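S.K.: The following block contains the structure, expressed as structure tokens.
The values are calculated or read from the model by the stated rules, or taken from the named source; none is laboratory data. Everything numeric here is computed off the predicted structure, so don't read it as measured data. Virtual Cβ from ideal backbone geometry, glycine too; neighbours counted across all protein chains shown.
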Amino acid sequence: MFTIDKPLPSPTEDTEGYWDATREGKLVVSTCASCAHRFLPPAKICPKCLSSEVSFQPVSGRGRVFSWIVVHRPQHPAFLEDAPYNVVIVELDEGPRMHGRLVPETDLSAVSVGLPVEVTYQKINDQITLPMFKAATGT
């Protein structure tokens, strides 16, 4: 069967620290030393105050589903075999929102706004480990 490799993130100077952390099983967000704003996606300039005093700080990886969709018809052919699957926007307990996928074994009918989730990681290769989400335990 003909297969297509899935497109992967390409770490940049701005995002390298983020991807380094995910390889170690840690979730980090950009944090401004000037105004304490925490944000994603990773960047070297704070979008709130425009300070360049930004560093990566660890967060818990816990949060709640803010929004979600079920993808039935992926826009990239490499994801056809995965469909249907969820894509979620998670509001992390520390404030920033991030998008990601739920682990494949998630019951699609169990997803709702407010569902407590926690980060988990899927190693793709030596460069990329993707953060994904699963229903939180112990909440």
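S.K.: Going through segment 43-66 one residue at a time, which ones are out of contact with any Asp or Glu (no Cβ under 6 Å at 6 or more places or on another chain) and either part of a loop (DSSP other than H, G, I, E, B) or among the aromatic types (Phe, Trp, Tyr) (or both)?
M.R.: ILE45, CYS46, PRO47, LYS48, CYS49, LEU50, SER51, SER52, GLU53, PHE56
S.K.: Sort out which residues of segment 13-42 are at pLDDT 95 or above, over 15 Å from the mean Cα position of the chain (by Cα) and either of a type in the set (Lys, Arg) or not in a strand (DSSP E or B) (or both), and write them in order of number.
M.R.: Matches in segment 13-42: ALA33, SER34, CYS35, ALA36, HIS37.
S.K.: Something else now. Check whether at least one residue in segment 63-72 is free of Cβ contacts under 8 Å to residues at least 60 places away in the same chain, among the hydroxyl-bearing types (Ser, Thr, Tyr) and in the same structural domain as ALA135 (by TED's automatic domain parsing), and report yes or no.
M.R.: Scanning segment 63-72 turns up at least one residue that is free of Cβ contacts under 8 Å to residues at least 60 places away in the same chain, among the hydroxyl-bearing types (Ser, Thr, Tyr) and in the same structural domain as ALA135 (by TED's automatic domain parsing).
S.K.: Here is a list of conditions, (1) under 23 Å from GLY25 (Cβ atoms); (2) surrounded by fewer than 13 Cβ atoms within 10 Å (Cβ to Cβ), and GLY114 meets all of them except one; can you say which number that is?
M.R.: Among (1) under 23 Å from GLY25 (Cβ atoms); (2) surrounded by fewer than 13 Cβ atoms within 10 Å (Cβ to Cβ), the lone unmet condition for GLY114 is (1).
S.K.: Filtering segment 107-127 down to residues that are within 24 Å of ASP5 (Cβ to Cβ) and outside any strand (DSSP E or B), which residue is nearest to the chain's Cα centre (by Cα)?
M.R.: Here the residue is ILE124.
S.K.: For segment 99-111, what are the residues that are polar (S, T, N, Q) and exposed (fewer than 13 other Cβ atoms within 10 Å of the Cβ)?
M.R.: Scanning segment 99-111 gives a single hit, SER109.
S.K.: Oh, and also: Only residues that are of a type outside the set (A, V, I, L, M, F, W, C) and either at positive phi or touching a strand residue (DSSP E or B) at 6+ places or on another chain (Cβ under 8 Å) (or both): list them for segment 12-31, please.
M.R.: Selection gives GLY17, TYR18, THR22, ARG23, GLY25, LYS26, SER30, THR31.
S.K.: Only one of (1) in contact with a Pro (Cβ under 9 Å, 6 or more places away or on another chain); (2) assigned to a helix (DSSP H, G or I); (3) without any contact (Cβ under 8 Å) to a residue 60 or more places away in the chain is not met by ALA78, so which one is it?
M.R.: (3)
S.K.: Right, here's the next one. Given the condition assigned to a loop (DSSP other than H, G, I, E, B) and among the acidic types (Asp, Glu), answer yes or no: does some residue in segment 98-105 qualify?
M.R.: The answer is yes, given that some residue of segment 98-105 is assigned to a loop (DSSP other than H, G, I, E, B) and among the acidic types (Asp, Glu).
S.K.: Then there's this: If we scan segment 88-98, do we find a residue that is surrounded by fewer than 17 Cβ atoms within 10 Å (Cβ to Cβ), under 15 Å from the mean Cα position of the chain (by Cα), of a type in the set (Val, Ile, Thr) and modelled with pLDDT under 95?
M.R.: no
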